[in-house]
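In what follows, a single structure is set out as structure tokens and then discussed.
Rule-based calculations on the coordinates, nothing more; no lab input. Values in this document were obtained by computation on a predicted structure and should not be read as measured data. Cβ sites come from the backbone with ideal geometry, for glycine too, and all protein chains shown count toward neighbours.
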Amino acid sequence: MITQTHYLVLSAALFMLGIVGVLTRRNIIIIFMSMELMLNAVNINLIAFSQQLGNVVGQVFAVFVICVAAAEAAVGLGIILAFYRNKETVNIDEMNLMRW
Amino acid sequence: MAEAVAFYIFAALILSFAVAVITAKSAVHSVLFLVADFLCVAGLYVMMQAQFLAVIQVMVYAGGIVVLYLFVVMLVNLKKPAEAYVHPRRLGRLGLVMSLAVFAELAAIATYGWLKPAGVGGALEAKNIEQVGRALYTDYLVPFEVASVLLLVAMVGAIVLAKREL
């Protein structure tokens, strides 16, 4: 019997994998992908609660999360492209234009 | 029983693909593992009776966002790898804190599930798309419209950012 706890543990593990990716990788594109993993973990959480409570609102919020993720990916990748055109790098250690 | 088997297969696939995403040497390989991960998550959504979300996941994530990532990875094709220098002990303390956070989170979930066994709420009805659509267009109409404006703004912003000169 798969209970809600199973889904929550899976979601927590996926979220932590995303955080590990953000903290350990230096390539900003892979950092963005790790953020997508974290958003997916959040969606799993929302849908697990939606299923357990028998309420469809969690799925509606998951739709909004996906929408915001799409907007974030488009703008973020645009910023990466603009930055790469100027500095020829995607390494976040070299992204220090705004450092005082 | 079949549900448990499917859950464990999907969970193992999701976690191993996620590990592959964050450990792959090449960014292109990361993107491909990310597609596989999203497809497995869509399978999990079907298990959780969220068929509409599963279709959205496949179409928007695996079909749209990942293609965007792939385009950018191809455009930003580096001769030298992006991660030339990583200090080995640089994030050790942070890693310790994060793993303690995972442990605390799992312990909290486990104790909560043990103290209060999950009561069964009203079961989701079969007409998933109808329910989601009704909620989106009645109770959540204003957030829905705001989300559409957000997408428009993001589209204009992305074009402005990525264009060489206007």
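Neighbour counts of C-beta atoms inside 10 Å place B:Ser30, B:Ser16 in the sequence B:Ser16, B:Ser30, starting with the fewest. Relative to the dominant Cα principal axis of chain A, helix A:4-24 is inclined by about 10°. For region B:126-166, what does the alpha-carbon gyration tensor say about shape, rounded, prolate or oblate, given a ≥ b ≥ c as the root eigenvalues, a/c under 1.5 as rounded, and a/b over b/c as prolate? In terms of gyration-tensor shape, prolate.
Under the rule a/c < 1.5 gives rounded, and otherwise a/b versus b/c splits prolate from oblate, where does chain A land using the Cα gyration tensor? Note, shape of chain A comes out prolate.
The shape of the protein assembly as shown comes out oblate: with a ≥ b ≥ c from the C-alpha gyration tensor, a/c is at least 1.5 while a/b does not beat b/c. A cut-off under 14 angstrom between Cβ atoms defines the neighbours of B:Leu44, and their net charge, with Lys, Arg +1 and Asp, Glu -1, is -2. The charge dipole of the protein assembly as shown, taken about its Cα centre with unit charges on the Cβ atoms of Lys, Arg (+1), Asp and Glu (-1) only, comes to about 900 debye. Relative contact order of region B:1-79, taken over Cα pairs closer than 8 Å and 6 or more residues apart, is 28 percent.
Taking the 0 to 90 degree range and rounding to the nearest ten, how far is the long axis of helix A:57-87 tilted relative to the main principal axis of chain A, both from C-alpha atoms? Taking the Cα atoms of chain A, the angle to A:57-87 is about 10 degrees. Sorted fewest first by neighbouring Cβ atoms within 10 angstrom, B:Asp139, B:Asp37 come out as B:Asp139, B:Asp37. Counting other Cβ atoms within 10 Å as a rough exposure proxy, the listed residues B:Phe103, B:Phe71, A:Phe83, B:Phe38 run B:Phe103, B:Phe71, A:Phe83, B:Phe38 from fewest neighbours to most.
Each helix, a run of at least 4 DSSP H residues, gives -39500 (n - 2.57); summed and divided by the residues of the protein assembly as shown, these come to -25000 deg cm²/dmol at 222 nm.
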